[in-house]
Amino acid sequence: MRIMLMTLPSEGEPRDYTTPAHYSVGKLRYIPLGILAVASGIDRKHEVRIFDSASFNLGIDEAIKEIRDWQPDVLGMNASIGTAYSMSRILAEIQGPLKVVGGPHTTNFAEQIISLGATAVFIHDADFIFNKWLDDGCQPGIYSGYVEELDTLPLPALDLLNLEDYSIKSDQSGKVLLKNQGLRFPMYSSKGCPFRCTFCDTQQRSFRYKSPKRVVDEMEIYLDHGAETVHMMDDCFNLKRSQVLEICAEIQRRNLKFTWSARGRAKIDLKTAKALKESGCVRLHVGVETLDRDLLKSINKSTNMELMQNFFDVCRQVGIQTLGYFVIGLPGETREYRKKLPELIRKAGIDIPFFNILFPLPHSDLYDDFVASGVYKSDFWKEYALNPTPDFQPPPYADEELHQELLDTAEWYVQEFFNEKN
C-alpha cells in the first residue's frame, strides 16, 4: 500500500492572542517527530511517504494538490486543535484513500473527527497499533494505543526525511528567540506528566521514561546524522533525579561532545545541575507560570517560591541558562502584580522570560470550570471541533478592558526584556 503521513497546514487556524509575536518561530522547520514515530512502526513492505506541509508553510489547496498527485491508499494526518480546520477541509475534499487521524486533537474529540469523515482515529500512542490496523484490514473505528515500555519503540524513520531541510541557516538564527544554528534535533526521554496544573491540557498523565542507555543511544544516532544540538521535548524531563544523573553519566562515559537542552520543572539540586552542565546541557526550560505565592497554589502548581528560586540560583551558579514560561491573566491576578513582575523576574535571575496570556485550553481543568460556572456560555471548543471554521476567534475569558490590558502588558514585557537597548 502507498501510505502518506502528513502534518497539517496552519492555514485557517484559530487566532492566537496568547503569545506575543516576538516569540514566533517564523519559517523555521521542526522535525515532525509524531509522524516519524508512526512511520517507524510501519512494515516496509508498504511504501511510506512523509509529507510535512506545516514546516514548508503550504496552504490547504497546495496540500490537497500534493495528496492527489501522489495518490496514497492511506492518508494519515497528525492533528491538533490548531489544525482542526485544515484537517476538516482535507477530510471533506480528498476522495479515494482511507483517511485516518492521530495527534493530540484526537484525545478529546475522536467522535467529532469521525463525523467529519475520518475512516479511523488513533488516540495516544499509534507507534504500533497503526501497523496492526493495516495488517488487520483497515477497519473503521476509534483505536487507542499505550506503550508502557518506551525502550521498545523503534527510532524515528529519519531515512524518510531530507534532514538538510531542517537545518537552521545563519540568516534565520537572528530572527528567533534562541540563537541556534545547524541541525537541532528534538527528542523525548519520557512521556506524560503526573501533575494537574489547572490551565494545562497535557494528554497523558501517566509518566513513563526510556532507560538512560536508550536515551543516549538516540542522542548518539542523531549526532551521527549531523545534529548540532539536541532538545528534550519532555513535559517533565527532570522529574526523576536518578534518571537525569544516569543520562549525564552515560553521555560522559561515551565522551560525547555536544550541547543539549531540556524542558522540565523548576526543581534541582547542585549535584544534578553540575552533572547536567558537565554533560553538555546549556539550557533548561521550565514552567514558572507566576511569581505570586497564592496564585501558584490556586493553579495547583506542584512547587513553591523557595524551590523555584533555588532552581534559578543553582543553574546560574553552574552556568546553565534558564528559560521560564509565564502565564499572565490568571484568575485572582492583580494589576499591581503585573506591574512589578519584570522586577521580580530580574530579582529571581531568570535569563529568558517567555510570556503567554491565559488561554483556557480544551479539557483543561480551568476551561471545564469556566464552562460549568458560566464564564463561557457554551463549550465552544466542542462546538468548534464538530464544525471547524477558518480563523476562529476563541472568546477571551476576561472582559474587553482587561483583555486589552493583558495584550498591552505582554507587549510591554517583550520591550522590557528584549529591546535591543536592554
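Values in this text are rule-based calculations from the coordinates and carry no lab data. Keep in mind that this is a model prediction, so the values were computed, not measured. A quick note on method: Cβ atoms are made from the backbone with ideal geometry, for glycine too, and the neighbour counts reach across all protein chains shown.
Things to note:
- Stretch gain in nm, segment residue 165-residue 391, where the contour uses 0.36 nm per residue and the Cα spacing is subtracted: 78.5 nm
- Report summary: the helix-based calculation at 222 nm, which adds -39500 (n - 2.57) for every DSSP H run with n ≥ 4 and divides by the residues of the chain, gives -11000 deg cm²/dmol.
- Around the Cα centre of the range 16-64, unit charges on the Cβ atoms of Lys, Arg, Asp and Glu (plus for the first two, minus for the last two) sum to a dipole of about 220 debye.
- Average Cα contact separation per residue, the range 2-150, under 8 Å, 6 or more apart, as relative contact order %: 26 percent
- For the chain: rounded, prolate or oblate by the Cα gyration tensor [a/c cutoff 1.5]: oblate
- Listed residues 54, 4, 130: farthest to the positive end of the dipole of the range 2-150 (Cβ charges): 54
- Using a cutoff of 8 angstrom between alpha carbon atoms and counting only pairs six or more residues apart, the relative contact order for the chain works out to 16 percent.
- Formal net charge of residues neighbouring residue 185 (Cβ-Cβ distance under 12 Å; K, R +1; D, E -1): -3
- Where labels lie 7 Å past Cα in the beta-carbon direction, separation of residue 252 and residue 419 in nm: 4.3 nm
- 25 Å Cα-Cα reach of residue 340 towards lysines, excluding residues that sit fewer than 8 places from it in its own chain: 267, 297, 301, 421
- DSSP-defined beta bridges in the chain - what % are antiparallel, rounded to 5: 10 percent
- Neighbour-count order for 184, 346, fewest beta carbons within 10 angstrom listed first: 346, 184
- For 375, 314, the sequence from fewest to most other C-beta atoms within 10 Å is 375, 314.
- The range 91-242: relative contact order in percent, alpha carbon pairs under 8 Å with at least 6 residues between: 18 percent
- Taken over the range 2-150, lysine pairs spaced eight or more positions apart, or on distinct chains, with alpha carbons under 24 Å apart number 5.
- Calculated FRET efficiency, residue 313 to residue 240, Cβ-Cβ distance, R0 = 22 Å: about 0.50 to the nearest 0.05.
- Residue-wise HN-Hα coupling along the range 31-46, computed from phi with Karplus coefficients 6.51, -1.76, 1.60 (Hz; x: Gly, Pro): 3, x, 4, x, 6, 5, 5, 5, 4, 5, x, 8, 4, 6, 5, 8
- Restricting the range 36-127 to chymotrypsin sites (Phe, Trp or Tyr not before Pro) that sit in a DSSP loop and have at most 16 other Cβ atoms within 10 Å of their own Cβ leaves 56.
- Volume in Å³ per residue [convex hull over Cα atoms, computed for the range 2-150]: 122 Å³
- Cβ charges +1 (Lys, Arg) and -1 (Asp, Glu), total dipole of the chain, debye: 1380 debye
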